[in-house]
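So the structure is just underneath, and the comments pick up after that.
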Amino acid sequence: MSVLAAIIPAAGLSSRMGRCKPLLPLGGGTVLSHCITLFQENHIDRVIVVTGKNPYEVSSEATKAGAMPIHNNHFEQGMFSSVLTGIGVLPPEVSAFFLLPADMPLIRPETISRLADEYRRTAPAVLYPRFLGERGHPPVIGRELLPDILHHDGSGGLRSVLQRHEADALDLDVADSGTLLDLDHPEDYEHALARFDTAYPNERECRQLWAMRDLPEHIADHCRAVARVAAALCTRLNARSGVAALNPALVRGAALTHDIGKGTKRHETVGANLLRTHGFHAAADIVAEHFDLTLPLDQPITEKEVVFLADKLVRCQSPVALDARYLEKLAAHRHEPGAGQAILGRLERARSLLSRFDRDMGASAEDVARKALA
């Protein structure tokens, strides 16, 4: 099996940020420690951190997180000098290495896992993650490129070397906007704090998932309509409670992907498994139960019930009464043994949930759906 390593250049000046980017707090650790953990969670233990400015502090943080720090004496010459420093200490048994700048902490561990699996399967000269048609970080660079990198004069940086090997490069589509997001400015850091460790897709990631599944446009349109209804229900419930108890972004991400597995048997399970593969575990839990569920009387309404009911109040892209939605199913499957009883059972559970929504919102959920899609 190919042995993989990771090089994390953390030598930059952080001039636009105004603070040392690798040492910024993030998720109980730092930006740098999170980047290191991404690889360690995927059993890539050979992690090299290249230091430059603030060498002692960054080196200490790297060591504490379990990585090997190495100082770049020429860090002011730019990123390529840090790449050279990092590959200079790669162990001889390493077949390829990830290259991840230390200011890109929003990449999901599942993306690293998929890249590692794809490299071990195909062993290209370079493997790039690709999001919505654009290549991002971290690429996986094969050992065969090391001589070319080491003898490069630095003009055009590493990109010039990689371009010479384009014929032997591959792209892997990933549903991970973090592959394109770095922390250059304070507002980027604020975005990272808000987005860190979210277990649901944003709208761009939903579009990428649709593309990867080649989702028919009519199903995507249905998902958009369900998302509009779900957002309206979420808003009414949060306003009624006086507390933002429900997460609108989670509701939207799950609603936009609830039928991502459509066209397969038990599409809710297929869709949930796909979302988990890409790191969207909270959305996956919702999608797994959007076909049928029961809410005990002593339990509060959650994002799961919001998406479930929104789906049941939308036929294609139009609002539909709950009973009409289920009775259509009953008519379509009335000749199948046991189908009628199963559908009527789901209808009763859905009616109970609808009554709960109407009571908790102080309004008719069916009316809310009609207004949302007007």
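The values are calculated or read from the model by the stated rules, or taken from the named source; none is laboratory data. Worth saying up front: this structure is predicted, and the values here are computed from it rather than measured. Cβ placement follows ideal geometry from the backbone for every residue including glycine, while neighbour counts extend to all protein chains displayed. When the accessible area is computed, the model is the full protein with side chains, heavy atoms only, and any ligands, DNA or RNA have been set aside. Shrake-Rupley method; radii C 1.70, N 1.55, O 1.52, S 1.80 Å.
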**Prompt:** If we restrict to alpha carbons, what Rg and Dmax does region 164-260 come to, in Å?
**Reply:** 16.9, 60
**Fill in**
Averaged per residue, the 1.4 Å probe accessible area of the chain, protein heavy atoms only, in Å², is roughly 46 Å²
**Asked** So, by mean Cβ neighbours within 10 angstrom, what's the order for 49-57, 16-24, 114-122, 250-258 with the highest one leading?
**Response** 250-258, 49-57, 16-24, 114-122
**Message:** Solvent-accessible area of residue 166, probe 1.4 Å, all protein chains present, reported in Å² to the nearest ten, please.
**Reply:** 80 Å²
**Fill in**
Straight-line reach check, residue 312, cutoff 16 Å on alpha carbons, 8 or more apart in-chain or any other chain, hits among aspartates and glutamates -> 221, 259, 268, 289, 292, 303, 323, 328, 348, 358, 366, 367
**Request:** Please compute the net charge surrounding residue 372, taking Lys and Arg as +1 and Asp and Glu as -1 over other residues with Cβ under 12 Å from its Cβ.
**Result:** +3
**Item:** region 5-91, accessible surface, carbon-and-sulfur percent (1.4 angstrom probe)
**Value:** 51 percent
**Prompt:** Could you give the distance between the Cα centres of region 295-362 and region 58-134, to the whole Å?
**Reply:** 48 Å
**Request:** Could you compute the FRET efficiency for residue 149 and residue 19, with r as their C-beta to C-beta distance and R0 at 35 Å, rounded to 0.05?
**Result:** 0.70
**Message:** Pairwise over distinct Cα atoms, reciprocal of the mean inverse distance: report the Kirkwood radius of region 1-108 in Å, one decimal place.
**Reply:** 13.6 Å
**Message:** At 7 Å along Cα-to-Cβ for each site, give me the label-to-label distance between residue 134 and residue 364 in nm.
**Reply:** 4.5 nm
**Asked** Carbon and sulfur atoms: what percent of the 1.4 Å accessible area of region 263-374 do they account for?
**Response** 54 percent
**Asked** Considering only 56, 365, 340, whose Cα is most displaced toward the positive end of the charge dipole of the chain, charges sitting on Cβ of Lys, Arg (+1) and Asp, Glu (-1)?
**Response** 340
**Asked** So between residue 214 and residue 185, what do we pick up on full extension, going 0.36 nm a residue minus the alpha carbon distance?
**Response** 6.9 nm
**Message:** How big is the dipole moment of the chain about its Cα centre under a simple scheme where the beta carbon of each Lys and Arg is +1, that of each Asp and Glu is -1, and everything else is neutral? Debye, nearest 20, please.
**Reply:** 920 debye
**Protection-proxy order for peptides 199-210, 1-12, 318-329, each taking the mean of Cβ atoms within 10 Å per residue, highest first** = 1-12, 199-210, 318-329
**Request:** Show that you can apply the helix-only estimate: for the chain, add -39,500 (n - 2.57) for every DSSP H stretch of four or more residues, divide by all residues, and state [θ] at 222 nm to the nearest 500.
**Result:** -14500 deg cm²/dmol
**Prompt:** When the scattering of the chain is computed by the Debye formula from its Cα atoms alone, each counted once and equally, what is log10 I(q)/I(0) at q = 0.11, 0.13, 0.15 Å⁻¹?
**Reply:** -0.81, -0.99, -1.18
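Report the Stokes-Einstein translational diffusion coefficient (µm² s⁻¹, integer) for region 242-305, Rh taken as the Kirkwood radius over Cα pairs, at 10 °C with viscosity 1.306 mPa s.
For the chosen part, D equals 130 µm²/s.
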